[in-house]
1. Taking the Cβ of each residue in Leu64, Leu58 as the centre, tally the other Cβ atoms inside 10 Å and list the residues starting with the fewest.
2. How long are the semi-axes of the equivalent ellipsoid of segment 1-65, taking √(5λ) for every eigenvalue λ of the Cα gyration tensor, in whole Å from largest down?
3. Charges only on Cβ, +1 for Lys and Arg, -1 for Asp and Glu: so what's the dipole of segment 3-147 about the Cα centre, in debye to the nearest 20?
4. Of Pro16, Gln97, Ala61, whose Cα points farthest to the positive end of the dipole of segment 3-147 (charges on the beta-carbon: +1 Lys, Arg; -1 Asp, Glu; origin at the Cα centre)?
5. Sequence-distant or interchain residues sharing an amide H contact under 5 Å with Gly46, placed H: which?
6. Any idea what the alpha-carbon Rg over 2.2 N^0.38 Å comes to for segment 3-147?
7. Tell me, Asp52, Asp83, Asp31 in order of fewest to most beta-carbon neighbours within 10 Å?
8. Limiting things to C-alpha atoms, what are the Rg and the maximum Cα-Cα separation (Dmax) for segment 40-122, in angstroms?
Amino acid sequence: MRVQDLMTQDVKTCGPDDPLSTPAGLMNAHDCGSVPVVGSDGRIIGMLTDRDICMAALRHAVPLEGIRVAEAMARQVCSVRPDDTLETAAGMMRRHQVRRLPVVDPAGRVVGLLSLGDLARRTDPGAVDDRAGEVAARELAATLGAVSQPRRIRRDGTEAA
């Protein structure tokens, strides 16, 4: 099974100059926890989560309309391609401790989004890791465990290596 078989295709995006109220409204209206950030050329340049919005609001102590997406987004983006395997995507989630991966075309434009929840909904409890077509429960458990590991955060709010 490939990423394209499970990904959400109708992905809402925002731009780096949008106020944080824009992606917050998208997340609320579309019941999602992240929004890819795209440049004027449509290529992905960042990711923004509901947590990123909350932390930016706390740091700046101003209404969301007064904070730009670029001030809160993650600039290092891990992504997959539609034809990547689910195992490849789960491995990316584990290595980079992310619950959602943007799916991009060869030009870097967002064509979908794959979440840990998408993988969970397609888990076959009896599958072995090399079984085609389904995500093995062992692999899903390993991915959930890896992305749930606490990160070391410095006093200044940045992530320690």
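1. Values: Leu64 17, Leu58 9.
Arranged by neighbour count, lowest to highest, Leu64, Leu58 become Leu58, Leu64.
2. Values: eigenvalues 111, 38, 20 Å².
Semi-axes (√(5λ), whole Å): 24, 14, 10.
3. On the way: 16 positive and 20 negative charges, 77 e Å.
It comes to approximately 380 debye.
4. Working it through, the farthest residue towards the positive pole turns out to be Ala61.
5. Result for Gly46 returns Val37.
6. Working: Rg = 15.8 Å, N = 145, 2.2 N^0.38 = 14.6 Å.
Output field value: 1.09.
7. Details: Asp52 20, Asp83 10, Asp31 6.
Lowest to highest Cβ neighbour count: Asp31, Asp83, Asp52.
8. Rg, Dmax (Cα atoms, Å): 14.4, 42.
Rule-based calculations on the coordinates, nothing more; no lab input. Here the structure is a predicted model, which means the values were calculated and not measured. Here Cβ is always computed from backbone atoms with ideal geometry, including for glycine, and neighbour counts include all displayed protein chains.
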